[in-house]
Amino acid sequence: AVVSTQSTGDYNGWKTDASSNNDDDVISNNPTIDVFGDGNGITLALNTAQTGRVFQDRSHIFEILPRTEAMEGKTMYNLNVMGKRGNLEQTVPSTEYDFVPSSLAITTDDLVHVQWTGSNTHNNNNDGNAGEGTDGTDRHNLMQMSGDISGSYPYTIAKASFWNNVESLTDPEATGEDIAIGLASSGHYCAKSGTDTCPASESLDKKKTKMDDKMNNAPASYSGHVLKFKKACSINYLCTRNNSFSNRSQKGTIWVRKSSKAEVKKRAEK
């Protein structure tokens with residue numbers, strides 16, 4: 001979205017582009033208007049260098065993909081990340097990193113798409129780089145916590161039993177371990193040893209470039225997985241890079257309950 005502009009209704013902004021530069025028939029700079037009809041005009045303070053000017057263009061390009069057959073008729077929740085790099089003061093009027101929604105209560109008939117976007121090229125002029133890893137970069141991951149939401153440690157992949165309760169509708173061949181590895185590495189590793197959509201060369205077992213401990217060489221953006229839950233369960237999770245004790249918290253919780261017969265019937269009737 002364009003954050004701040006000097007806009008005008010003197011021309012059609014949707015049909016006017018750079019090809020109209022210096023075209024006085026579209027708009028002219030400080031024009032003189034013969035308001036009395038006697039040849040002695042009045043000049044308007046109209047600076048064409050300001051009309052349609054964009055001060056902060058935060059436009060994003062994104063792609064919307066069609067649902068697969070397995071996703072049809074399901075309620076899908078988008079679990080991603082909000083905020084920007086920096087501390088509380090540096091991010092104003094935005095916010096520090098956090099998962100959104102950070103608390104999610106769903107049923108076993110619902111889906112959750114875990115994904116996020118980020119950048120490698122923030123130009124903060126050294127004012128807004130508070131955080132971990134390389135200055136000017138975003139990184140996120142999602143790992144099951146080893147205790148309640150007040151803690152700071154994640155489970156290792158081997159001990160993260162929550163992922164045994166999920167399946168991926170975007171990578172149906174992926175195991176729970178594959179899903180956990182992808183989310184923990186922001187896609188640096190797409191699976192343990194490869195799947196139909198994950199080349200073995202990009203897997204944990206085969207990839208030659210190992211992930212940096214600050215995730216500096218992991219992707220800034222990650223398309224993640226659309227998850228379906230096999231049974232009632234819950235998870236507390238965190239981002240290992242940005243969850244900085246006493247400075248900022250990047251944690252979340254998902255509660256999954258079994259769909260009632262009435263809910264299943266209602267959705268089947270839609």
(request) State whether one or more residues within region 243-262 are in a helix (DSSP H, G or I), over 18 Å from the mean Cα position of the chain (by Cα) and within 30 Å of GLY73 (Cβ to Cβ). (result) yes
(request) Please list, ordered by first then second residue, the pairs with beta carbon atoms under 8 Å, 6 or more apart or interchain, first in region 193-204 and under 14 Å from ILE181 (Cα atoms), second aromatic (Phe, Trp, Tyr) and part of a loop (DSSP other than H, G, I, E, B). (result) GLU202/TYR189; SER203/TYR189; LEU204/TYR189
(message) I'd like the residue in region 76-96 that is in contact with a helix residue (DSSP H, G or I) (Cβ under 9 Å, 6 or more places away or on another chain) and in contact (Cβ under 8 Å) with a residue 40 or more places away in the chain and, out of all such residues, is most open to solvent (accessible area, probe 1.4 Å).
(response) LYS84
(message) For ILE42, only one of the following conditions fails: (1) open to solvent by 90 Å² or more (accessible area, probe 1.4 Å); (2) more than 30 Å from THR117 (Cβ to Cβ); (3) at pLDDT 90 or above. What is its number?
(response) (1)
(message) Condition check: more than 19 Å from the chain's Cα centre (by Cα), at pLDDT below 85, of a type outside the set (Ser, Thr, Tyr) and within 30 Å of SER221 (Cα to Cα). Does PHE62 satisfy that?
(response) no
(request) Quick one: GLY182 ticks every box in (1) part of a loop (DSSP other than H, G, I, E, B); (2) open to solvent by less than 30 Å² (accessible area, probe 1.4 Å) except a single one, so which number is it? (result) (1)
(message) Of everything in region 158-171, what is under 17 Å from SER203 (Cβ atoms) and open to solvent by 70 Å² or more (accessible area, probe 1.4 Å)? Give them in sequence order.
(response) ALA158
(request) For region 189-221, enumerate the residues that are touching a Leu at 6+ places or on another chain (Cβ under 8 Å) and within 26 Å of SER102 (Cα to Cα). (result) TYR189, ALA191
(message) Restricting to region 103-157, and then to whatever is of a type in the set (A, V, I, L, M, F, W, C) and in a loop (DSSP other than H, G, I, E, B), can you tell me which residue is least open to solvent (accessible area, probe 1.4 Å)?
(response) LEU142
(request) Scan (1) more than 30 Å from ILE106 (Cβ to Cβ); (2) free of Cβ contacts under 8 Å to residues at least 24 places away in the same chain; (3) open to solvent by less than 70 Å² (accessible area, probe 1.4 Å) for the single condition ASN216 breaks and write down its number. (result) (2)
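The values are calculated or read from the model by the stated rules, or taken from the named source; none is laboratory data. Note that this is a predicted model, so its numbers are computed, not measured. Every residue, glycine as well, gets a Cβ built from its backbone with ideal geometry; the counts of neighbours run over all protein chains shown. Just the protein is used for accessible areas: all its heavy atoms, side chains included, with ligands, DNA and RNA removed. Shrake-Rupley method; radii C 1.70, N 1.55, O 1.52, S 1.80 Å.
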